[in-house]
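Asks: A single structure is presented below for examination.
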Amino acid sequence: MRSEMLRDPVLSRPRPRAVTPYKKSLAEWLYLPLFGGLMVTLRHFVRNLIKGPRYTIEYPEKRRDYSHRFRGHHILTSRPDGSLRCVACFLCATACPADCIKIESGEHPDVNIEKYPVVYEIDMLRCVFCGYCVDACPEEAIIMSNNYDMAYFHRDQSKVGKNDLMKPYTFDPSQLGYRPHYPEEDAQRAKMRREAFNLVQAAREAGATEVAS
Ligand code: SF4
Ligand code: SF4
């Protein structure tokens, strides 16, 4: 074993017994590596000056197109009558690893719908945009958009409530981001939602007729 070690050019080298201070080369004393780095910057600067900006997106006039699965600002979806689809089941808040969803539930005035969120807030500065809330929601009540305009002047502004989460512009299909999206099931899901809503509507009408009689 010892003979093998002695034959190995690396292992046979004497081990250092003392700390040797690093010795700078002449080029390092003259800061030449620094000029090498500056030359790279200069090369990009001159190339961009001659050919125009190539790697810069002139935000906000121009915007980068992200994948349709981009995880941006959340959207709370609504039923056909405009009410929130959320039933305040707390599954999203439970799944959230950043603990940034605050929900206060209330009894829905419609007996056919058990609960609704009186308060629904997401703290965008704590959110890590993992999409777990979207995955956890059984109602497809929360999805994500492509919107990444999230700048706040004050810490409190980062807590967005129901009104911000339901902003109509986010319903533009081109603005939609991460959501439980399975194309082959889309039509079936839409049909199921329509039927479920029709059931609620029928129950409401039946209740109204009963009260009237
Ligand atoms: S995206 Fe993730 S961190 Fe953000 S609210 Fe949803 S579960 Fe929480
Ligand atoms: S999981 Fe969906 S339905 Fe349940 S509280 Fe969250 S958003 Fe509402």
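Asks: Given the criterion basic (K, R) and within 16 Å of the chain's Cα centre (by Cα), identify the matching residue among R47, R63, R71.
Replies: Matching residue, one of R47, R63, R71: R71.
Asks: Take the range 82-107 and flag every residue that is under 25 Å from L199 (Cβ atoms), part of a loop (DSSP other than H, G, I, E, B) and more than 12 Å from ligand 2 (Cβ to nearest atom).
Replies: Matches in the range 82-107: G82, S83.
Asks: Without any contact (Cβ under 8 Å) to a residue 24 or more places away in the chain, within 28 Å of Y148 (Cβ to Cβ), part of a helix (DSSP H, G or I) and polar (S, T, N, Q) - does that describe any residue in the range 3-25?
Replies: No: zero hits.
Asks: If the Cβ limit is 6 Å and pairs must be 6+ apart or interchain, which residue in the range 92-117 that is closer than 30 Å to A208 by Cβ pairs with which residue that is within 11 Å of ligand 2 (Cβ to nearest atom) and among the basic types (K, R)?
Replies: S105/K115; H108/K115
Asks: Further question on the same structure: For R54, state whether it is under 35 Å from the mean Cα position of the chain (by Cα) and modelled with pLDDT under 90.
Replies: Yes: the conditions hold for R54.
Asks: Of the residues A141, A196, A190, A151, which is aliphatic (A, V, I, L, M), closer than 17 Å to S78 by Cα and at pLDDT 85 or above?
Replies: Among A141, A196, A190, A151, only A141 is aliphatic (A, V, I, L, M), closer than 17 Å to S78 by Cα and at pLDDT 85 or above.
Asks: With the structure loaded, tell me whether R79 is among the basic types (K, R), more than 9 Å from ligand 2 (Cβ to nearest atom) and exposed (fewer than 14 other Cβ atoms within 10 Å of the Cβ) or whether it fails that test.
Replies: It is false that R79 is among the basic types (K, R), more than 9 Å from ligand 2 (Cβ to nearest atom) and exposed (fewer than 14 other Cβ atoms within 10 Å of the Cβ).
Asks: Looking at the range 70-81, I want the residues that are assigned to a loop (DSSP other than H, G, I, E, B) and have a partner that is basic (K, R) and within 15 Å of ligand 2 (Cβ to nearest atom) with Cβ atoms under 7 Å, at least 6 apart or on another chain. Which pairs are those?
Replies: T77/R85; R79/R85
Asks: Related question: Restricting to the range 39-74, name every residue that is closer than 30 Å to D123 by Cα, hydrophobic (A, V, I, L, M, F, W, C) and surrounded by 11 or more Cβ atoms within 10 Å (Cβ to Cβ).
Replies: F70
Asks: If you check C127 against the conditions, is it in a loop (DSSP other than H, G, I, E, B) and within 16 Å of ligand 1 (Cβ to nearest atom)?
Replies: The answer is yes for C127.
Asks: Name the single residue that is farthest from M150 (Cα to Cα) among those in the range 60-83 being in contact with a helix residue (DSSP H, G or I) (Cβ under 7 Å, 6 or more places away or on another chain) and away from ligand 1 (no atom under 15 Å from the Cβ).
Replies: Applying the filter and picking the extreme gives P80.
Asks: Report whether or not D110 is more than 15 Å from ligand 2 (Cβ to nearest atom) and either hydrophobic (A, V, I, L, M, F, W, C) or at pLDDT below 95 (or both).
Replies: Yes, satisfied.
Asks: Okay, next question. Looking at (1) within 11 Å of ligand 2 (Cβ to nearest atom); (2) more than 19 Å from the chain's Cα centre (by Cα); (3) of a type outside the set (G, A, S), find the lone condition where C137 falls short.
Replies: Failing condition for C137: (2).
Asks: Kindly indicate which of Y120, Y132 is of a type in the set (S, T, Y), touching a strand residue (DSSP E or B) at 6+ places or on another chain (Cβ under 7 Å) and either under 20 Å from P80 (Cβ atoms) or within 16 Å of ligand 2 (Cβ to nearest atom) (or both).
Replies: Selected residue: Y120, the only one of Y120, Y132 that is of a type in the set (S, T, Y), touching a strand residue (DSSP E or B) at 6+ places or on another chain (Cβ under 7 Å) and either under 20 Å from P80 (Cβ atoms) or within 16 Å of ligand 2 (Cβ to nearest atom) (or both).
The values are calculated or read from the model by the stated rules, or taken from the named source; none is laboratory data. Since this is a predicted model, take the numbers as computed values, not measurements. Counting neighbours? That spans all protein chains shown, and the Cβs are built from the backbone with ideal geometry, glycine included.
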